[in-house]
Amino acid sequence: MLLVRHLLVDRPAPHLLTSDLSVRDAAKFLRARMIGGAPVVDDDRLVGFCSERDLVFNVLAQARDSDQTFVRDVMTRDVVTACPDETIVECEEKLRAAHCRHLPVVECERVVGCLSMREFLQSDLREREEQLHALTEYIRSAGA
């Protein structure tokens, strides 16, 4: 069974925000990295998650000043997380139950990665393709 740690192999360090960053700077940060959200840390500890949805709903829709509003004011505080030894299936279930798309990976109270639903779906697809290939080869060899 594929574990979260397998998806983190050879990945760069996760992109992290701090809670004292203005939401304008947070939006620039997300845009520069072409990501939809990032874990928020203070003193290397996870304190929240800031997504593009948080920025739209809690800043733009409320006509708040993006230079005077900070990540700590709009971030999601109750963050669903994973540990490296959890299975991909367990993580997908967590994301579906929480209705979210990003899953910070925490080990020894530090964020060591952040995975998105897209990565889990791609992993599932690769695994199914491998199974299909193995079954096809089995059928071919059994017919000979």
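State the number of residues belonging to the stretch 19-32 that are within 17 Å of L103 (Cα to Cα) and surrounded by fewer than 16 Cβ atoms within 10 Å (Cβ to Cβ).
Selection size over the stretch 19-32: 0.
Condition check: modelled with pLDDT of 95 or more, under 13 Å from H15 (Cβ atoms) and among the hydrophobic types (A, V, I, L, M, F, W, C). Does V47 satisfy that?
Answer is no for this residue.
Six or more apart or on different chains, Cβ atoms under 6 Å: show the pairs whose first residue is in the stretch 92-120 and in contact (Cβ under 8 Å) with a residue 60 or more places away in the chain and within 18 Å of R77 (Cα to Cα) and whose second is of a type in the set (G, A, S) and surrounded by 15 or more Cβ atoms within 10 Å (Cβ to Cβ).
Qualifying pairs under 6 Å: R101/S116; H102/G37; H102/S116; V105/A82; V105/G113.
The values are calculated or read from the model by the stated rules, or taken from the named source; none is laboratory data. Not measured: the values here are computed from a predicted model. Cβ coordinates were reconstructed from backbone atoms using ideal geometry, including for glycine residues, and neighbour counts include every protein chain displayed.
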